[in-house]
Amino acid sequence: MEIKITKAEVLKQKPDSSTLGFGKIFTDHMFLMDWNSENGWQNARIVPFANISLHPASTVLHYGSEIFEGLKAYRTKDGKVQLFRPIENIRRMNRSAERLCLPQIPEDLALKVLETFVELEKDWTPSAEGTSLYLRPFMFGNDESLGVHAVHNATYCIIASPVGSYYAEGINPVKIMIEDRDVRAVRGGTGYAKCGGNYAASNRAGERAAREGYSQVLWLDGVERKYIEEVGAMNVMFKIAGKIVTPALTGSILPGITRMSCIEVLKNMGYEVEERLLDVAELETALENGTLEEAWGCGTAAVVSPIGELAYKGKKYSVNNGKIGDVTQTLYDTLTGIQWGKIEDKFGWTYPIK
C-alpha cells in the first residue's frame, strides 16, 4: 500500500531536552489510515499534526471501541535511530483488536507504516541521556450511528512525542499500596488487551493510593481477590528466596513487551523464572520473614521501577531496606543499554530505522 505524505508547511521548533516531560509535546506530523468492512484498509497517509474531527455518534465516544500501543524510538551514540522489538507491539495490538472487534493490520503493513513515520520524524528523536521519541499507535471505531454492534468503520493513527528520562533524579524505589477493593480486570474480560477502559477503571484506586502517599497500587485478581496481577499500569516481578516470580498470564494481565524481555534476560543470566499464580498471603509471608529480596514493576515508560515499600491492610513492609536491588539494577542497565545502543544486542531485539 502506498503511503501518501503531506509535509507541514511550517515546522515546529524542537524543544530543549531539559524541558521534556511525558506526552506533552508532539511532532510535526501524524499517520492516519482508514478501514471499512467492505474495502479493508485504505488511504494511508502522513499529514501535519492536527485535531481529529469525529461525528457526535462515533462508536468510540459511546462504547469505548478503542485500543492503543506504546513504544519508543531511541537515538544511539553514533546518531542513528532504532526501535525496540516493534513487531511484538504490532502483534499485541492485533490481539487487542481481535478482543475489541476492531480490524487487525497485516504485520508487514504495520511495520512499513511505523518505519516510514519514524523515518520522517526521526529528527525529533532527542539525544540527551535517557530521552527518546515515544510512539503512540492507536485505533478506534467510528461508525456514525448509535447502537452496540461490530465495528464497520475504523481509523488507525500514530502520533509521536519526544520524552525525557522517566527518572528525573535517578532510579529510586517507590511506595506501593496493595489494593483490595477495586480490581483492574477479570479473566474473560479485556485485561490482556491494551484498551482505554482498563486504564480509566484504574484511576479511582490510583487516586486513593496517591492521597495516602503511595505512587501506585498493586492489583489483585478480580475473582478471588487474592492473586497478584499488576502494579499500576506495569507488570510486576519479585525475587523470593533467590527465585524470580511473576504472575502468570491468565487473561486478565497485559502481556508486556518489557516483561517478556526481562524474563529472557533473567533466564540468560541463569535465574529460574516462575510464571505462576502468586497469592498475596505468600507475598505477605515473604515480606514478614525477609525472603522477599527484591520487587519491581516493568513497562515501556520506566523500563523497570524498583519497589521499596509495600503496604497491605494497614501494615507497611520495607523491601530491600528501601533500596534498588542488584537484579533490578542489572535489568535496567541491560535493557536500556540495548535500547540506546550502549551494549551489544545479543538477542536481536533492535530494529534500525534505515
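A few remarks follow.
- Nonlocal Lys pairs with alpha-carbon distance under 20 Å, the range 22-164 (8 or more apart, or different chains): 9
- Its residue count N sets the reference 2.2 N^0.38 Å, and the alpha-carbon radius of gyration of the chain equals 1.02 times that reference.
- Distance-filtered residues of the range 318-342 - backbone nitrogen under 12 Å, label point 7 angstrom along K80 Cα→Cβ: 341-342
- Whole-Å semi-axes of the ellipsoid equivalent to the range 4-163 (Cα gyration tensor, √5λ, descending): 29, 17, 14
- Counted by neighbouring Cβ atoms within 10 Å, the residues M139, M30, M93 run from fewest to most as M30, M93, M139.
- Theoretical gain in end-to-end length, K354 to E119 [0.36 nm per residue, Cα-Cα removed]: 83.9 nm
- Residues K4, K72, sorted so that the one with the fewest Cβ neighbours within 10 Å comes first: K4, K72
- The 3J(HN,Hα) values that the Karplus relation (6.51, -1.76, 1.60; θ = phi - 60°) gives for the range 17-33 are, in residue order, 4, 6, 9, 6, x, 10, x, 10, 10, 10, 6, 6, 10, 9, 9, 9, 8 Hz. Gly and Pro appear as x.
- Proximity of backbone amide H atoms, modeled 1.01 Å from N, is registered between N153 and N142, D143 at under 5 Å, excluding neighbours fewer than 5 places apart on the same chain.
- Calculated FRET efficiency, Q13 to V47, Cβ-Cβ distance, R0 = 30 Å: about 0.90 to the nearest 0.05.
- Remark on K226: its backbone amide H falls under 5 Å from those of D221, a criterion applied only to residues 5 or more positions apart or on other chains, H modelled at 1.01 Å from N.
- Potential lengthening between E274 and K243 on full extension [0.36 nm per residue; Cα-Cα distance subtracted]: 10.4 nm
- Once C-alpha pairs closer than 8 Å and six or more residues apart are averaged by separation and normalised to the residue number of the range 174-339, the relative contact order reads 23 percent.
- Listing D345, D143 from fewest to most neighbouring C-beta atoms within 10 Å gives D345, D143.
- Around A128: net Lys/Arg minus Asp/Glu count, Cβ-Cβ under 10 Å: -1
- Distance between the C-alpha centres of the range 65-116 and the range 256-326: 28 Å, rounded to the whole angstrom.
- Loop-located GluC sites (Glu not before Pro) in the range 211-251 (DSSP state other than H, G, I, E, B) with a sparse environment of at most 15 neighbouring Cβ atoms within 10 Å: E212, E224.
Taken together, the values in this text are just the output of simple stated rules run on the coordinates, not laboratory data. As the structure is a computational prediction, the values presented were derived from the model and not from experiment. When we count neighbours, we look across all protein chains shown, and the Cβ atoms used for this are built from the backbone with ideal geometry, even at glycine.
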